[in-house]
1. Is it the case that Tyr40 is in contact with a His (Cβ under 8 Å, 6 or more places away or on another chain), assigned to a helix (DSSP H, G or I) and either of a type in the set (S, T, N, Q) or surrounded by 17 or more Cβ atoms within 10 Å (Cβ to Cβ) (or both)?
2. Of these, Ala212, Ala250, Ala217, which one is touching a Ser or Thr at 6+ places or on another chain (Cβ under 6 Å) and either closer than 30 Å to Gly158 by Cβ or aliphatic (A, V, I, L, M) (or both)?
3. Would you please name the residue that is modelled with the highest pLDDT, looking only at residues in the stretch 218-254 that are surrounded by fewer than 17 Cβ atoms within 10 Å (Cβ to Cβ) and in contact with a strand residue (DSSP E or B) (Cβ under 7 Å, 6 or more places away or on another chain)?
4. Can you find even one residue in the stretch 289-305 that is at pLDDT 85 or above, assigned to a helix (DSSP H, G or I) and farther than 26 Å from Met1 by Cβ?
5. Please work out which one of (1) at pLDDT 85 or above; (2) surrounded by fewer than 20 Cβ atoms within 10 Å (Cβ to Cβ); (3) farther than 29 Å from Ala41 by Cα is the condition Asp461 fails and give its number.
6. Please verify whether Arg482 is crowded, with 19+ Cβ neighbours inside 10 Å, of a type outside the set (Phe, Trp, Tyr) and farther than 24 Å from Glu395 by Cβ, treating the condition exactly as stated.
7. Can you name the number of the only condition in (1) surrounded by fewer than 17 Cβ atoms within 10 Å (Cβ to Cβ); (2) touching a helix residue (DSSP H, G or I) at 6+ places or on another chain (Cβ under 7 Å); (3) part of a loop (DSSP other than H, G, I, E, B) that Ser447 fails?
8. Listed residues Val81, Val129, Val122; which is farther than 22 Å from Arg211 by Cβ, in contact with a strand residue (DSSP E or B) (Cβ under 9 Å, 6 or more places away or on another chain) and among the aliphatic types (A, V, I, L, M)?
Amino acid sequence: MKRLAIRIDVEDDIILSANSSSAGTHHSLRYVPGRALLGYAAGHLYRSMQADRVARLLNAGSIRFGDGLPLTDDGQTAWPVPLSLHVPKDAPDSSRLSLARNLARGDMEPGQQPEQLRDTFVTDTGSVVDISLRDRLRTTVNPETGLALDGGLYGYAGIVRGQAFGAMIELHDSDEALLDAVQSLFDGVRTSLGRSRSTEYGRVTFSLLERAFQSPAKTEPADGPTLVWLLSDHSPRDAWGQRSLIPDPAQFGLPDDAEINWNRTFIRSRRYSPFNAALGGHQTETVCLEAGSVIAFDTPREQSAGMSRQKDGHSTDSGRFVINPSLLSDPDGNVSLAAHTRQTRKSGARPTEGWGATFAGWLERPGTGVSGAHAYAERQSARLKGMYASASRIEGNRVEFVGPGPSQWGRVYDAARRANSYDDLNDCLFVGDHRVCKGTDWDALGSAEERLVSFGQWLRDMLASDDGRDLHRVRLFAREARALAQRLQRQ
């Protein structure tokens with residue numbers, strides 16, 4: 001098995017929804033889910049490898065994408081906080097962490113009302129890492145009037161830029177070509193994740209780390225129950241293979257006669273239905289125990305000596321866990337926690353004089369801003385308008401609109417935003433079964449420079465020019481093309 005450790009630097013606020021509901025308050029995850037990395041990798045692998053082979057590898061679990069968990073400034077991984085950790089409810093913020101107790105082994109002080117620690121992360125050494133979120137309100141604009149659409153107010157909550165996360169990718173296939181393909185997707189690559197990627201959200205940078213992340217340390221079992229700390233979501237199955245919310249001790253390598261101590265167990269559960277874009281729908285609903293859950297098992301003392309030698313691993317449904325972590329080892333429930341303070345990331349050097357020292361200077365610089373990229377987009381949009389007019393004449397004006405529609409140009413724009421180079425964009429648009437520019441609309445013929453050419457070939461020729469290799473110009477043109485197609489469809 002090959003493991004890849006990757007670092008995810010968030011460059012723009014990133015929206016990672018906790019659920020798919022479109023009504024009510026939006027809730028954001030505080031980590032980068034493995035399914036987001038899976039979707040990004042699958043989209044690229046389908047274009048570069050045989051589709052049936054990629055589907056077989058992904059569905060068989062040959063490639064497993066772990067969650068992106070917070071990294072501290074010194075590179076430590078922060079894990080989902082154990083749900084057995086509680087603080088006094090009325091304790092002041094300055095001292096609440098120092099009063100934390102592990103209720104899986106001990107109890108609160110007399111007279112204290114417990115409040116569970118949630119929605120945060122903790123390192124192996126007890127540093128508590130909070131994730132910064134930001135809420136933003138938006139309103140939908142009516143394209144007909146240019147005014148706010150009635151009832152179109154919505155909001156997003158997202159992870160604030162400047163934070164870093166780490167994830168593990170496990171490859172159980174020995175194919176070197178597959179390993180190289182997956183590794184190249186995360187080696188110094190900038191892309192977008194999450195929702196609203198076509199706006200100002202979602203830009204991240206991947207980089208490979210030299211060593212894999214270490215699981216939390218373990219200790220010899222102390223008196224009391226054997227504790228299992230879930231480091232990721234876990235879907236237990238019963239003896240008949242059906243999903244259940246009651247953990248089986250055998251799944252964690254514990255004796256069959258071990259019994260759950262519900263008085264010392266702290267779990268949360270959720271249901272979700274993953275969306276498969278390739279299949280065009282949601283997959284089977286899954287129930288799981290959430291990461292951070294702590295399960296206490298009572299085991300015979302003569303058998304407990306072997307528990308500490310049980311290695312961290314994956315349960316039958318890819319749940320990552322650790323048995324008897326040192327963080328929760330104190331027999332009286334004491335735990336040492338402290339808030340982690342992130343260092344402020346410094347921005348890059350800025351010009352203090354000369355051309356480019358001001359934003360206005362950047363806009364006026366030749367080849368950029370309005371004088372360059374926007375002018376290029378407007379010229380190509382005018383040529384495209386001629387293509388649409390000639391395509392309609394070739395069809396004998398039997399139909400009102402011929403050629404790619406707004407949604408298809410929107411896919412071109414999205415591909416241009418995701419691309420890291422001209423070759424990457426070219427492959428996404430024109431190569432493979434999952435290419436963007438395919439179908440009868442892209443095959444429609446129009447006239448350009450006194451020759452007949454399809455819309456797909458016209459776009460390909462445009463991108464092959466020197467100016468067309470500038471991804472910023474291509475993004476602006478695709479946005480202009482989408483607006484042009486919308487106007488022509490309404491005529």
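The values are calculated or read from the model by the stated rules, or taken from the named source; none is laboratory data. Given the structure is predicted, the values throughout are model-derived calculations rather than measurements. When we count neighbours, we look across all protein chains shown, and the Cβ atoms used for this are built from the backbone with ideal geometry, even at glycine.
1. Working: in contact with a His (Cβ under 8 Å, 6 or more places away or on another chain): no; assigned to a helix (DSSP H, G or I): yes; either of a type in the set (S, T, N, Q) or surrounded by 17 or more Cβ atoms within 10 Å (Cβ to Cβ) (or both): yes.
The answer is no for Tyr40.
2. Details: Ala212 fails: touching a Ser or Thr at 6+ places or on another chain (Cβ under 6 Å); Ala250 fails: touching a Ser or Thr at 6+ places or on another chain (Cβ under 6 Å).
Criteria check complete, one pass: Ala217.
3. Leu245
4. Kept after step one, since they are at pLDDT 85 or above, are these residues of the stretch 289-305: 289-298.
Checking which are assigned to a helix (DSSP H, G or I) leaves us with none.
Looking through the stretch 289-305, none of the residues is at pLDDT 85 or above, assigned to a helix (DSSP H, G or I) and farther than 26 Å from Met1 by Cβ.
5. (3)
6. Working: crowded, with 19+ Cβ neighbours inside 10 Å: yes; of a type outside the set (Phe, Trp, Tyr): yes; farther than 24 Å from Glu395 by Cβ: no.
So Arg482 fails the test.
7. Failing condition for Ser447: (3).
8. Val81
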